[in-house]
1. At 0.36 nm per residue, minus the direct Cα-Cα distance, what do PHE31 and ILE188 gain on full extension? Give it in nm, one decimal, please.
2. How much length would be gained if the chain were fully extended between LEU222 and LEU24, taking 0.36 nm per residue of separation minus their Cα-Cα distance, in nm to one decimal?
3. I'd like to check one number: the per residue accessible area of the range 93-144, probe 1.4 Å, reported in Å² as a whole number.
4. Each residue of the range 100-107 in turn: what ³J(HN,Hα) in whole Hz from Karplus with 6.51, -1.76, 1.60 and θ = phi - 60°, glycine and Pro shown as x?
5. Using each residue's phi in the range 70-80, evaluate 6.51 cos²θ - 1.76 cosθ + 1.60 at θ = phi - 60° and report the 3J(HN,Hα) Karplus result to the nearest Hz, with x for Gly and Pro.
6. Under a 5 Å amide H to amide H cut-off, with H placed in plane at 1.01 Å, what residues pair with LEU134 once short-range neighbours are removed?
7. Label points 7 Å out from Cα along the Cβ direction at HIS76 and GLU47: separation in nm?
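The values are calculated or read from the model by the stated rules, or taken from the named source; none is laboratory data. Note that this is a predicted model, so its numbers are computed, not measured. Heads up, the Cβs are rebuilt from the backbone with ideal geometry, glycines too, and the neighbour counts pull from every protein chain shown. With ligands, DNA and RNA removed, areas are computed over all heavy atoms of the protein, side chains included. Shrake-Rupley method; radii C 1.70, N 1.55, O 1.52, S 1.80 Å.
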Amino acid sequence: MNGPTEPPDAQAAAPARPPLVRELLLVAGLFLVYKFGRQLATGHTGEALRNGHRVWDLERALHLPSEDAVQSLLLHGDGLAQIANTYYATVHFPATAAFLIWLYLRRPAHYVWARRVLAAVTSVALVLPFVYPLAPPRMLAGTGLIDTGHVYGPSVYGPPSSDHLSNQFAAMPSLHFGWALMVAVGLIAATRSRWRLLWLLHPLVTLLVIVGTANHYWLDPLVATAMLGAALALFHRPHRTAGTAAGGSGRAAPAADDADADADADGKALTGAGR
């Protein structure tokens, strides 16, 4: 007597992961464009510093709290400043990569959605330094802020004139915060643990770190949040099913040709952003 077989609908509901090699190339492209694409907008020192003072004055006009209030908390001891600098330097990329890997393995439909959102936000963010170069607050005289990375270490930046690995005049938006917020949003959307809201601690700590180390103004994460909100409105997240919540085989996943079209769109977006 033959055993029971799965109905066709159950088989169709099995997750359809995009091809691994293609995804590795797309995600690697996303990281490389983020890392090296900003170098195309280097320079403009005078304009970047003037824009920095404008942002600083705008924040005071809006009665936003001073960045110095956060930095002063880190300066009570060398240890806190060093921890913040280390978090800034080491958590950003690995946390986002681990997030995408976990989604790819456990929630393929959510992986495609998250990758689309991150690609869109990153591509738009790379354009802003061309039209609005912005020096970080640690470079501004008269603010009372110090460069904690330079003073306490570790620092990921060298002198702007000789730093060929990053564009330090691309403070707005803060992709450190934008990516961290997407990691939290993605994990909250893809899981049903009663503790899943604790993932919001990651962007919260990131916010305190980027402001306290004087690498970003308050407005930088606010702009990143607005951009992420627009991307989330454009790319709707997949529905969670009972199988998704339990990590079983009943997870909803995009059709294979949808994933192919999505990958093509991401590739075009990344190519255009790197120009």
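1. The PHE31-ILE188 span can extend by a further 54.2 nm.
2. Going from the current span to full extension adds 68.3 nm.
3. Details: 1720 Å² over 52 residues.
Per-residue accessible area for the range 93-144 comes out at 33 Å².
4. With coefficients 6.51, -1.76 and 1.60, one gets 5, 5, 5, 4, 4, 7, 10, 9 Hz.
5. Per-residue couplings from phi come out as 7, 4, 4, 5, 6, 8, 6, x, 4, x, 5 Hz.
6. For LEU134, whose amide H was placed from the backbone, the distant partners under 5 Å are ALA170, ALA171, MET172.
7. Computed distance between label sites HIS76 and GLU47 equals 4.2 nm.
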